[in-house]
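Just below is one structure, and these are the notes that go with it.
The values are calculated or read from the model by the stated rules, or taken from the named source; none is laboratory data. Here the structure is a predicted model, which is why all the values come from computation and not from measurement. Note: ideal-geometry Cβ built from the backbone for every residue, glycine included; neighbour counts use all protein chains shown. Only protein heavy atoms, including side chains, enter the accessible area calculation; ligands, DNA and RNA are left aside. Shrake-Rupley method; radii C 1.70, N 1.55, O 1.52, S 1.80 Å.
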Protein chains: 2
Amino acid sequence: MNISDYMAYVGRNARQASRAIAKATTQEKNAALLSIAKQLDASRDQLLQQNALDMSAGRSAGLDDALLDRLELTEERIDGMIEGLKQVAALPDPCGEITDMSYRPSGIQLGKMRVPLGVVGIIYESRPNVTIDAASLCLKSGNAAILRGGSEAIHSNKAIATAVKAGLIESGLPETCVQVIETTDRAAVGALITSSEYVDVIVPRGGKGLIERISNEASVPVIKHLDGICHVYIDDDADLDKAHRVALNSKTHRYGVCNAMETLLVAQSVASSILPRLAEDYIAKGVELRGCAATCSIISACSAASEEDWSTEYLAPILSIKVVAGIDEAIAHINQYSSQHTESIITENYTTARRFLREVDSSSVMVNASTRFADGFEYGLGAEIGISTDKIHARGPVGLEGLTSQKWIVFGDGHIR
Amino acid sequence: MNISDYMAYVGRNARQASRAIAKATTQEKNAALLSIAKQLDASRDQLLQQNALDMSAGRSAGLDDALLDRLELTEERIDGMIEGLKQVAALPDPCGEITDMSYRPSGIQLGKMRVPLGVVGIIYESRPNVTIDAASLCLKSGNAAILRGGSEAIHSNKAIATAVKAGLIESGLPETCVQVIETTDRAAVGALITSSEYVDVIVPRGGKGLIERISNEASVPVIKHLDGICHVYIDDDADLDKAHRVALNSKTHRYGVCNAMETLLVAQSVASSILPRLAEDYIAKGVELRGCAATCSIISACSAASEEDWSTEYLAPILSIKVVAGIDEAIAHINQYSSQHTESIITENYTTARRFLREVDSSSVMVNASTRFADGFEYGLGAEIGISTDKIHARGPVGLEGLTSQKWIVFGDGHIR
């Protein structure tokens, strides 16, 4: 079969399976998740063997240590996948939820029912555990899944797919509810992201390059997460203790994450009170500081920030700092440079806080809290398929609900217009 | 200015204006809508004059009567536009609504705020009144609008744009909150639907051809309404009076609308009881009947339906009829041939009704009610920007809320992770 026939075959299978999984009961879906967990547990040797093939091919191909680390499966990581399946089984089922039922003047009773999107295509890089993560979220939300992992993980992903298939068969759901693309040909990605007939949404998971490429080429809607250029703004009316605590945590709790602060904005009137003490703590933690002229005049151990710094996601112990006149300049700076991920204001002023909440156009807007809270688990979603920096469909952390939609339902008694 | 520079200029204007309209108060937005109404009222002569230019050009170009009718502005239609503006001003403002505030175990208080999408591009055919309709819905939902009407209406649209601009200026909002594309060059549409930097969503309004073309070429997300191949299924356990009433109304209340029934499915066990009487009424109203073999054996005045009939949106007094074994075949037929717009089951059976509701994958699913209820006004949305047959973001009738999204908001008290 050539790639386009193969992808159409996978697509038709998925569309058909999506009807079955959409009407599966919560019990049936949970049983399938637990069966998959059991099959993974029983396939440990096979998984480690196949992963060893990927690892040795990766070493020969000269993959760097970070990539090899993400590619590797260990007993602990298999435990993690099994635990993940059990956690998703324990989450509430979003499907079938009926809300907002009310009578209209015509006499019909109108409401909404939450339903799966249908077929979800997930494209990710070489972390085999994402295969299970993505499969479980799609199954629980009643969607069929087509998974395309990085080519470096192909043996591992095929072994995981075998366990998933066995689990689905054991539980009585169609084995095509989850299909792993079994070719490393890049044309498969091209076909997947343009198959509007078979695929309802694409979720790319990986680096910015992957996501940009897919968004540009896809004709199927994409739930995408580009970058996280997050800001904390310390306002004139900030409680300086809270400001110190939040600004430090937002940057230094973890560096390589999308919800870490990359730029600190400080109101002119408090800059010289707060910056020296903060800078000391940043420097003690090894954070490199790059600031505007006003910042550099307050902090000596600070280099001059370039224009490019304001639009850079460092994902590293580097922080840019800008002194601003006040809330207006802060909001203008954020709406110009932010990636619309997460921003936080530190203030005790009621009116300023309300303005920041309303006028900052980002997926999470906070008052007196660390940007690090912008996370599916912290938000109580139970699991996270990604963080959307889009405005359509879902913004911010996307959980099971992001893989569903709502249809209208109408109850009548022979009503006509 | 060449087209691409012009569209970038319009885009930048819109992005900037979107910040102002997003933070405008409900009072400010309503004042703008009423100012625009006043300006339209004061520009009647100008509107009719400019429309006459379009009408005479249209006649010379040989436009058909239906198109000329849609193109024409009359005193009554201007009254209609003014009335529409007042109605939108009277609708509740969706922006800024805060919901679902609750405390998380970490101590942060989490909720959602409804916010505008940003910049909405609307592409429509030659009905000048859509210019006001689209402008008012975008303004009320806090979005900046870029409007591209059919080239046949260019003089009318420019005259309406002048009135809109005057209304915006009078009310103190930026005049670029609503921009009408002032060129008939088709390249402007191509630029608009690929300007992800400046445009957040595209809403095409018009025939299936226009919408398909735009969906295929757009890189900006599209809220689209393709066709309405709607079904009514009369179940074994139907109340036959209700069935008769609903099946008749769904087809004959209006023919040229997307929520009219195009195919009637009838359970085998009741076909010979209900079809003869129904056929008589359809025929009396001039509806042409096309049926499966079983239908033709019951109704003599029925021609044989072809395979193509099952996937045809007639938008005309034609109805296809199929006798099915029961609920399973009905659902399978619908999920295969329907355009996922609206389907209704007529049944008194609790279990069958629940199955139909859950398993039929359409934007509106009804029990014992006419498909004609699938409409923004009947659903209480107050106004309708379109009916979405997509699954992402919005399904079914889309009102002001469909032009908004929700961002997360977090209140803390110096909380860190």
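For (1) within 12 Å of chain A (Cβ to nearest Cβ); (2) under 12 Å from B:LYS140 (Cβ atoms), each residue gets a yes or a no:
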| position | (1), (2) |
| --- | --- |
| B:GLU83 | no, no |
| B:LYS86 | no, yes |
| B:GLY96 | yes, no |
| B:ARG104 | yes, no |
| B:GLY111 | yes, no |
| B:ARG114 | yes, no |
| B:GLY121 | no, no |
Flag for B:LYS140 being crowded, with 24+ Cβ neighbours inside 10 Å, of a type in the set (D, E, K, R) and within 18 Å of B:ALA31 (Cα to Cα): yes
Quick check on the range B:386-399: of everything there that is part of a loop (DSSP other than H, G, I, E, B) and touching a Gly at 6+ places or on another chain (Cβ under 6 Å), which residue is nearest to B:LEU139 (Cα to Cα)? B:GLY399
Please pick out the residue among A:ALA369, A:ALA305, A:ALA301 that is open to solvent by less than 10 Å² (accessible area, probe 1.4 Å) and among the aliphatic types (A, V, I, L, M). A:ALA369
Please verify whether A:ALA383 is surrounded by fewer than 24 Cβ atoms within 10 Å (Cβ to Cβ), under 22 Å from B:TYR198 (Cα atoms) and more than 7 Å from chain B (Cβ to nearest Cβ), treating the condition exactly as stated. no
B:GLY206: passes all of (1) open to solvent by 30 Å² or more (accessible area, probe 1.4 Å); (2) on the phi < 0 side of the Ramachandran plot; (3) modelled with pLDDT under 95 but (2)
Scanning the range B:81-127 for residues that are closer than 25 Å to B:GLN27 by Cβ and of a type in the set (Gly, Ala, Ser), the one most open to solvent (accessible area, probe 1.4 Å) turns out to be B:ALA90
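Within the range A:32-50, does at least one residue satisfy the condition of being assigned by TED's automatic domain parsing to the domain that holds A:GLN179, outside any helix (DSSP H, G or I), in contact (Cβ under 8 Å) with a residue 24 or more places away in the chain and open to solvent by 50 Å² or more (accessible area, probe 1.4 Å)? Can you show your working first?
Within the range A:32-50, the first condition is being assigned by TED's automatic domain parsing to the domain that holds A:GLN179, and the residues that meet it are A:32-50.
Then drop every residue that is not outside any helix (DSSP H, G or I), which leaves A:43.
Imposing the further condition that a residue be in contact (Cβ under 8 Å) with a residue 24 or more places away in the chain reduces the set to A:43.
The next check asks that each one be open to solvent by 50 Å² or more (accessible area, probe 1.4 Å); those that pass are none.
So far as the range A:32-50 goes, no, none of its residues is assigned by TED's automatic domain parsing to the domain that holds A:GLN179, outside any helix (DSSP H, G or I), in contact (Cβ under 8 Å) with a residue 24 or more places away in the chain and open to solvent by 50 Å² or more (accessible area, probe 1.4 Å).
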Subset of the range A:2-15 that is closer than 18 Å to A:VAL201 by Cβ and over 26 Å from the mean Cα position of the chain (by Cα) - its residue that is farthest from the other protein chains (Cβ to nearest Cβ): A:ASN13
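Of the residues B:ILE321, B:ILE346, only one is surrounded by 24 or more Cβ atoms within 10 Å (Cβ to Cβ), within 14 Å of chain A (Cβ to nearest Cβ) and among the β-branched types (Val, Ile, Thr); which? Steps first, please.
Working: B:ILE321 fails: within 14 Å of chain A (Cβ to nearest Cβ).
Criteria check complete, one pass: B:ILE346.
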Given the criterion at pLDDT 95 or above and either among the β-branched types (Val, Ile, Thr) or closer than 30 Å to A:VAL246 by Cα (or both), identify the matching residue among B:PHE373, B:PHE356, B:PHE411. B:PHE411
Hey, A:THR176 within 30 Å of A:GLU288 (Cβ to Cβ), polar (S, T, N, Q), modelled with pLDDT of 95 or more and surrounded by fewer than 24 Cβ atoms within 10 Å (Cβ to Cβ) or not: no
Taking the criterion of being within 26 Å of the chain's Cα centre (by Cα), under 26 Å from A:ASP239 (Cβ atoms) and part of a loop (DSSP other than H, G, I, E, B), would at least one residue in the range A:301-312 satisfy it? no
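In the range B:157-172, is there at least one residue being in contact with a Pro (Cβ under 9 Å, 6 or more places away or on another chain), within 13 Å of B:ILE21 (Cβ to Cβ) and either surrounded by 23 or more Cβ atoms within 10 Å (Cβ to Cβ) or not assigned by TED's automatic domain parsing to the domain that holds B:ARG59 (or both)? Before you say what the answer is, go through the steps one by one.
Of the residues in the range B:157-172, the ones in contact with a Pro (Cβ under 9 Å, 6 or more places away or on another chain) are B:157, B:159-160, B:168.
Keeping just the survivors that are within 13 Å of B:ILE21 (Cβ to Cβ) gives B:168.
From what is left, the residues that are either surrounded by 23 or more Cβ atoms within 10 Å (Cβ to Cβ) or not assigned by TED's automatic domain parsing to the domain that holds B:ARG59 (or both) are B:168.
The answer is yes; a qualifying residue exists.
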Give the residues of the range A:246-280 that are within 12 Å of chain B (Cβ to nearest Cβ), more than 24 Å from A:ALA394 (Cα to Cα), open to solvent by 10 Å² or more (accessible area, probe 1.4 Å) and in contact (Cβ under 8 Å) with a residue 40 or more places away in the chain, sorted by residue number. A:ASN249, A:THR252, A:HIS253, A:ARG254
Which of the numbered conditions does A:ALA188 fail, given that it passes all the others? Conditions: (1) crowded, with 24+ Cβ neighbours inside 10 Å; (2) part of a helix (DSSP H, G or I); (3) not β-branched (Val, Ile, Thr). (1)
Given the criterion assigned to a strand (DSSP E or B) and in contact with a helix residue (DSSP H, G or I) (Cβ under 8 Å, 6 or more places away or on another chain), identify the matching residue among A:LEU275, A:LEU289. A:LEU289
